[in-house]
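S.K.: Mind looking over this structure? Questions follow.
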Amino acid sequence: MNRTNAFQSFVGDLPKNLFAGFVVSLVALPLGLGLAIASEAPPIAGVIAAVVGGVVAALLGGSQLTITGPGNGLVIVLLYAIATLGDGDLYQGYLFTLAAIVVAGVLMFLFGVFRLGALSEFFPSSALQGMLAAIGIGILAKQLHVMLGITTVNGTPFELLLKVPASVQILIDNPVIELILPAALGLVSLLILIYYGRLQYRVFQLIPAPMWVVIVAIGLNYYFELIAKKAYPVAENLMIRLPDNVIANLPFPDFSIMTTGPFIGTVISITLIASIESLLSIKAVDKLDPQKRRSNVNKDLRALGIATSLSGLVGGLNVVTVIARSSVNVNNGGSNRSSNFAHALFLLAFILLFQDQIQRIALPALAAILVFTGYKLAAPENLLRILKIGKEQAAIFSITLIITLTNGLITGIGMGILSTFLIHVIINKNLFLFTRNWLKPNVLMYREEDSGNYYVSVKNFSSFLNFYKLKGKLDEIPETEHAIVDFSLCEFVDHTVMEGLNDYRRSFSRKGGVIEIIGLDAHGTETQHPFAIRKSIPSNDFFKLGSNLTKRQISLQKLAKILNWDYRSELTSDTKELERFNYFESKVVNYQYNEMISADGRIHLFDLSYSEGAFIAKEDIKASFLLVELEEAIPYFILDRENFFNTINEQSSYKDIDFSNYPDFSKRFFLGGKEREEITAFFNQELIFFFESHNYFRIESIGNSLLIKGKNRLSSIQEIKSLLAFTNELISILKKKTNEG
Amino acid sequence: MKKASFDNILIGFAFSPNLKANVFEAMRMATFFGGNLFFLHVGEKTGAKEKTFGEILNDSPVRPKEIKILWEKGEPVTTIVSECKKNNIDLLLLGALQRENMVKFYLGSIARKITRKAPCSVLLLIKPSIERVASQHMVVNAFESPQTEVTICAAFEFAHGLDIPRITLVEEINRAEVAIAADDDRSLRKVTLRKEKLKRRELSRVNDILGRVPEDLKANRKVASQSIFGTRGYSIGHYAKVVRADLLVMNAKEKHSSIWSRIFPKDLEHILSELPTDVLIIQNKSNE
């Protein structure tokens, strides 16, 4: 693409990005305020971080879709720093912490300059999960009390959790409106956040959940002022305070304790957590990118470092790449860095224009957002998922979790790394394997001269200790190519590597390439190899289901029998390269199950679990799909119900094709595709009449394959039957057409 | 191009369980090249030792032109090196004691000492055997170095002598030559293009060398070449293992071996510490 073209497409995409930036800012405002309050910093500090972060990262960053601002992971570190660095004086502690943030920004910048983005690879994946869960519990424990309107409780996370019943007791003992109202607001806010994803009502979905919480909180305040004409029965210390003049009252960091131990510890913690959180988020957002771009993490680290230092200088928290807001950005059509920039400008405008309204937000509402965030990080299903991979992984997870909560982040992650290593040594009964080979190059990669395939061979052992070497080689293979990773010379492969490889497998299949992993078959049979090896490659045995079929599954089984089709109830990660379809461009396919295959193998009907967005904006969706392989290729097209929200939300990459002689069809259906003329010619009267006279299904053609989707949920047996009838009729029409043509 | 020769072959022997295998390998080798064979024992010469050795020699089905048995006392490494010089040896054979990893290391460390000082080419046999196991696939280093041409020629000579059907030349290219890191899509494209260019350059260099190898040596050999971006000396060993080659031919140590390179093993050291296959180290005599 040349320069003018790039510029044109940038301008063309600008409205979409402004819209996405606006929606993101609706999420970023409550989160920014909440994260700052949870860290005991002035509320405005979180918004400053988002504004500075958005502007700087948009101008200097290396990734396109990420949103930058204050992050969850840092709350615990900052809270501890602000509470302890100033010896109990919170404001002084805040000024010292700002200085630590500035220094941490410089360190992060240097990480980027020296290309240490790979540093995050040295953390075993289960230990990282444990650390994130600990952070979640830390946030949750403190904010549960605030959500109930009680701000006076203090202690370690465990103590705080144990004190929750006492806080509830206070409410029961004193049922006065001054106590009940804030608690009720907090609970309602939490309910909004929990049930938001399940409400499929489009208008409701236009505004993100955290903003609904803010709207409810502000609305409640206005109700008392304008309608009930009473003083707002919520204590002053439960309301947000903003400085009267935001720009004139910027605090300045205090560098006077720069050489002390606690300060340096804070700097290290901030740098470490901020880098890890950012790198994990960048990687996760790359998986959501419809244009499948690869982000330059080192460039991003440099930009985040600069942003963090600047933010600290003007009183803001540190800046990281945040996954939830980024995924909101992707889902709302953001396509380049201008949406991050726009989000920062909208935030600035909110703070300057709606200062009064923001001060009407009561803390329990924001605390509810943080409780929800904390729960997402610490959710028990994370532990269950890890337990499935292997008991030893669950042990690593738990050790890291508990030690992080009791002894702090650095000790926690350190012990996580150590315990992972010890477990590896015990599993292999061989310390020598690791010590002797750790620093040796263990990866050979070359392009086979005859086939043109990339061949990667890994020797000795491959674990979190040396995964960066394998990654370094894999990163140099274009994802459109065929790569073979051979572990037959490798005695031990750990969970971190298997999980990492699965990410590669996914990004290769998104871009049309293939990664094959070979040489692991023999590993399972050798006793010195851990079970994690086989279990970490998602395959049939990864999601073992019980043999008890549900009623729906039994019906499906019967239906398959009548049709003489094949039925498989198991969950598998065979996702049939669904990424080829436009529909899955910014979605992550998890697994499929309840698959029915026609006798000739051309029709697959299956339930699919896939996710949109990530983290707190993540929605896991299960829906039934039907995949048809056609004998003759037809034009690429997308046919969907005509919908106002489609045009701003989804697939706006194609313009609707309308037929002047079929006004009814054109009004009811959205039809799009690249080759407009071919599509117009393809949709003849018979086909249009067929679609008009049947139920709505979303249909996408990619030449030889058709993807048909019903509702945004699993289909019932009746719906499946009508879907099958629809498909059969469609296939016969298409067959007739190609025969005529 | 100077013709490499393997006329004078020397093998050091000790009275280990592998003695017979080592002797038989040496006898075969010398017969193939039609050369003279020197046996060297560093240690006491006793009647019993002489008798055992004599019996083993008589067992061998083949017998080279001339056999000489040397009994010397002294420190093994220096004695072997000085005997090689004295007898104008072309190829020194070192047999491995096929036991455990530790022994491999031991062989590696002695071999390292000897190869650093040896005035001739060295062949390290990791699995000497009494019955002949013919080599099938030879991997030869072909990275850019003034010694490489001599090594390739000698390798063809050796393959001709032992009738090894497959030869693969491996050009190791230092990743640093690419000089760009693959950070995002654009830099990845640049890296891929640059790699292709380097690869073509290396390939034409290797083809030039191949062109100068005498035709009769190339006859009946299947010759291929493969370029690899990776750590020099290490990648080729890994490659040899992957393609199940049974002989690896390398340049002898480049001249200046600093303390630094002894602490951080490079090139040959990688191979010597792991010994993926039999290794033949070619000494470029014109360099002396």
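S.K.: Mind listing just one residue for me: the one in segment A:655-684 that is touching a Leu at 6+ places or on another chain (Cβ under 8 Å) and of a type in the set (A, V, I, L, M, F, W, C) and, of those, farthest from A:TYR696 (Cα to Cα)?
M.R.: Here the residue is A:ILE679.
S.K.: Quick one: how many residues across segment A:441-485 are of a type in the set (D, E, K, R) and in contact with a strand residue (DSSP E or B) (Cβ under 7 Å, 6 or more places away or on another chain)?
M.R.: 7
S.K.: Any residue in segment B:175-194 that is facing another protein chain (nearest Cβ under 7 Å) sitting within a Cβ distance under 7 Å of a residue that is of a type in the set (Ser, Thr, Tyr) and assigned to a loop (DSSP other than H, G, I, E, B)? List the pairs, counting only those 6 or more apart or interchain.
M.R.: Within 7 Å, the pairs are B:ASP184/A:SER295.
S.K.: With respect to the numbered conditions (1) more than 14 Å from chain B (Cβ to nearest Cβ); (2) over 23 Å from the mean Cα position of the chain (by Cα); (3) in a helix (DSSP H, G or I); (4) not β-branched (Val, Ile, Thr), which one is the sole condition not fulfilled by A:ASN502?
M.R.: So A:ASN502 meets the others, but not (2).
S.K.: Looking only at residues that are part of a loop (DSSP other than H, G, I, E, B) and touching a strand residue (DSSP E or B) at 6+ places or on another chain (Cβ under 8 Å) in segment A:268-312, which one is nearest to A:GLU476 (Cα to Cα)?
M.R.: Across segment A:268-312, the extreme among qualifying residues is A:LYS287.
Okay, residues lined up against (1) touching a Lys or Arg at 6+ places or on another chain (Cβ under 9 Å); (2) over 21 Å from A:GLU579 (Cα atoms); (3) not assigned by TED's automatic domain parsing to the domain that holds A:GLU577; (4) not in a helix (DSSP H, G or I):
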{"position": "A:GLY703", "(1), (2), (3), (4)": "no, no, no, yes"}
{"position": "A:LYS711", "(1), (2), (3), (4)": "no, no, no, yes"}
{"position": "A:GLU719", "(1), (2), (3), (4)": "yes, yes, no, no"}
{"position": "A:LEU723", "(1), (2), (3), (4)": "no, yes, no, no"}
{"position": "A:PHE726", "(1), (2), (3), (4)": "no, yes, no, no"}
{"position": "A:GLU729", "(1), (2), (3), (4)": "no, yes, no, no"}
{"position": "A:LEU734", "(1), (2), (3), (4)": "no, yes, no, no"}
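S.K.: Suppose we keep only residues that are away from chain B (no Cβ under 14 Å) and closer than 16 Å to A:ARG115 by Cα within segment A:281-326. Which one would you say is surrounded by the fewest Cβ atoms within 10 Å (Cβ to Cβ)?
M.R.: So, considering only residues that are away from chain B (no Cβ under 14 Å) and closer than 16 Å to A:ARG115 by Cα, the one surrounded by the fewest Cβ atoms within 10 Å (Cβ to Cβ) is A:ILE306.
S.K.: So, one more: Restricting segment A:115-129 to residues that are within 14 Å of chain B (Cβ to nearest Cβ) and part of a helix (DSSP H, G or I), which is modelled with the highest pLDDT?
M.R.: Result: A:LEU116.
S.K.: Something else: Return yes or no: is B:LYS197 surrounded by fewer than 16 Cβ atoms within 10 Å (Cβ to Cβ), away from chain A (no Cβ under 12 Å), in contact (Cβ under 8 Å) with a residue 24 or more places away in the chain and basic (Lys, Arg)?
M.R.: Spelling it out, it is not the case that B:LYS197 is surrounded by fewer than 16 Cβ atoms within 10 Å (Cβ to Cβ), away from chain A (no Cβ under 12 Å), in contact (Cβ under 8 Å) with a residue 24 or more places away in the chain and basic (Lys, Arg).
S.K.: For the subset of segment A:582-621 comprising residues that are small (Gly, Ala, Ser) and within 15 Å of the chain's Cα centre (by Cα), which member is modelled with the lowest pLDDT?
M.R.: The selected residue is A:ALA617.
S.K.: Is there a residue being loosely packed, with under 15 Cβ neighbours inside 10 Å, more than 14 Å from every other protein chain (Cβ to nearest Cβ) and either modelled with pLDDT under 80 or under 30 Å from A:GLN357 (Cβ atoms) (or both) anywhere in segment A:250-268?
M.R.: yes
S.K.: Still on this structure: If we keep just the residues of segment A:429-467 that are of a type in the set (Phe, Trp, Tyr) and more than 11 Å from chain B (Cβ to nearest Cβ), which is surrounded by the most Cβ atoms within 10 Å (Cβ to Cβ)?
M.R.: So the residue we want is A:PHE467.
S.K.: Residues that are in contact (Cβ under 8 Å) with a residue 12 or more places away in the chain and surrounded by 16 or more Cβ atoms within 10 Å (Cβ to Cβ): list the helices (runs of 4 or more DSSP H) wholly contained in segment A:162-210 that include at least 1 such residues.
M.R.: A:164-173, A:177-196
S.K.: Answer yes if at least one residue in segment A:361-371 is modelled with pLDDT under 90, surrounded by fewer than 24 Cβ atoms within 10 Å (Cβ to Cβ), part of a helix (DSSP H, G or I) and not charged (D, E, K, R), and no otherwise.
M.R.: So far as segment A:361-371 goes, no, none of its residues is modelled with pLDDT under 90, surrounded by fewer than 24 Cβ atoms within 10 Å (Cβ to Cβ), part of a helix (DSSP H, G or I) and not charged (D, E, K, R).
S.K.: Now for a separate question. Tally the residues that are more than 12 Å from chain B (Cβ to nearest Cβ), among the aliphatic types (A, V, I, L, M) and farther than 12 Å from A:ILE515 by Cβ, restricting the search to segment A:471-495.
M.R.: Going through segment A:471-495 one residue at a time, the tally reaches 1.
S.K.: Tell me, yes or no, whether segment A:243-252 has at least one residue that is of a type outside the set (Gly, Ala, Ser) and in a helix (DSSP H, G or I).
M.R.: Taking every residue of segment A:243-252 in turn, none turns out to be of a type outside the set (Gly, Ala, Ser) and in a helix (DSSP H, G or I).
S.K.: If you scan segment B:200-235, which residues turn out to be in contact with a Phe, Trp or Tyr (Cβ under 9 Å, 6 or more places away or on another chain) and facing chain A (nearest Cβ under 9 Å)?
M.R.: Correct list: B:GLN226, B:SER227, B:ILE228, B:PHE229, B:GLY230, B:SER235.
S.K.: Now, a different point. Would you mind listing the strands (runs of 3 or more DSSP E) fully within segment B:204-288 where at least 3 residues are more than 16 Å from the chain's Cα centre (by Cα) and at pLDDT 80 or above?
M.R.: Here the list reads B:222-229.
The values are calculated or read from the model by the stated rules, or taken from the named source; none is laboratory data. This one's a predicted model, so the numbers in the text were calculated from it and none came from an experiment. Virtual Cβ from ideal backbone geometry, glycine too; neighbours counted across all protein chains shown.
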